[in-house]
1. Can you tell me which of 143-152, 40-49, 58-67, 122-131 comes out highest on packing, and rank the rest after it, using the mean Cβ neighbours within 10 Å?
2. How large is log10 I(q)/I(0) at q = 0.09, 0.11, 0.17 Å⁻¹ when the Debye formula is applied to the Cα atoms of the stretch 20-170, each weighted equally and without solvent?
3. Holding the Cα-Cα limit at 30 Å, pick out from 84/135; 135/160; 49/84; 34/104; 63/84; 84/104 the pairs that are longer than that.
4. Provide the FRET efficiency to the nearest 0.05 for the residue 156-residue 91 pair, computing r from the beta carbons and using R0 = 41 Å.
5. Indicate the gyration tensor shape class of the stretch 96-144 (rounded, prolate or oblate), computed on the Cα atoms with a ≥ b ≥ c the square roots of the eigenvalues: a/c under 1.5 is rounded; otherwise a/b larger than b/c is prolate and the rest oblate.
6. According to the square roots a ≥ b ≥ c of the eigenvalues of the Cα gyration tensor, what is the shape class of the stretch 109-170, taking rounded for a/c under 1.5, prolate for a/b larger than b/c otherwise, and oblate for the remainder?
7. Compute the Kirkwood hydrodynamic radius of the stretch 59-144, taking the inverse of the mean of 1/r over all pairs of distinct Cα atoms, and give it in Å to one decimal.
8. Provide the per-residue ³J(HN,Hα) series for the stretch 115-127, in order, calculated from phi with Karplus coefficients 6.51, -1.76, 1.60 and θ = phi - 60°, each as a whole number of Hz, with x at glycine and proline positions.
Amino acid sequence: MAPPFAFRSFKYLDLSRDSGIILMKNFRGSQMLKISESIEIPLSEIEIKAVRSQGAGGQHVNKVSTAIHLFFNIEASSLSSFLKERLLSLRDHRITVEGIITIKSQESRSQSANTEEAMNRLKQLVQSVRVVPKKRCPTKPSRRSQEKRLKLKIQRGCTKSLRRRPSRSE
């Protein structure tokens with residue numbers, strides 16, 4: 001049985017020229033997407049499909065596949081187990097139940113610009129789980145702040161009572 005997720009290579013896309021994406025070659029000569037100083041994703045683990053864009057646009061949009069669908073299998077990737085766990089625990093609509101990140105990009109009219117945008121979104125997603133958020137330590141309000149809050153509450157109540165109609169007994 002074939003695996004449900006197959007990776008395709010970058011045969012028709014040249015991301016190394018003039019793009020904001022940092023691509024580098026590792027010691028084996030394969031290209032890598034640099035996430036941070038210590039985290040890199042081999043491009044062989046990323047599948048990119050070019051599809052036709054949605055919406056109005058006339059002849060061009062009906063003939064040319066400029067939209068990009070990027071697929072990244074978290075479980076089969078070379079990321080650390082810590083990052084894999086954090087990515088899989090994210091409640092993000094782009095991550096499927098099988099653990100595949102699906103990113104769609106069709107903002108630009110060019111395939112290379114959409115590919116760059118999709119790669120940047122993948123990079124941002126992985127960077128977002130890289131740093132563990134600091135645990136909040138609940139603190140008690142000080143006695144002075146509690147007294148001040150109660151004093152202001154009484155003042156507001158007095159102000160509101162003065163807005164009422166005077167009663168007949170007064």
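Here, each number is a calculation from the coordinates, and none is a lab measurement. Treat the numbers as computed from the prediction; the structure is a model and nothing was measured. Backbone-built Cβ (ideal geometry, glycine too); neighbour counts: all protein chains shown.
1. Values: 143-152: 9.9, 40-49: 18.1, 58-67: 13.0, 122-131: 15.5.
Most protected by this proxy first, the peptides run 40-49, 122-131, 58-67, 143-152.
2. Those come out to -0.51, -0.59, -1.03, one per q.
3. Working: 84/135 21 Å; 135/160 41 Å; 49/84 23 Å; 34/104 20 Å; 63/84 38 Å; 84/104 21 Å.
Cα-Cα > 30 Å for 135/160; 63/84; rest within.
4. On the way: r = 40 Å, r/R0 = 0.97.
Plugging the Cβ-Cβ distance into 1/(1 + (r/R0)^6) gives 0.55.
5. Numbers: a/c = 4.18, a/b = 2.71, b/c = 1.54.
Here the stretch 96-144 falls in the prolate category.
6. Details: a/c = 9.58, a/b = 2.47, b/c = 3.88.
The shape class here is oblate.
7. On the way: mean 1/r = 0.0649 Å⁻¹.
Radius from the Kirkwood sum: 15.4 Å.
8. Once rounded to whole Hz, the list reads 5, 4, 5, 5, 5, 5, 5, 4, 4, 5, 5, 5, 5.
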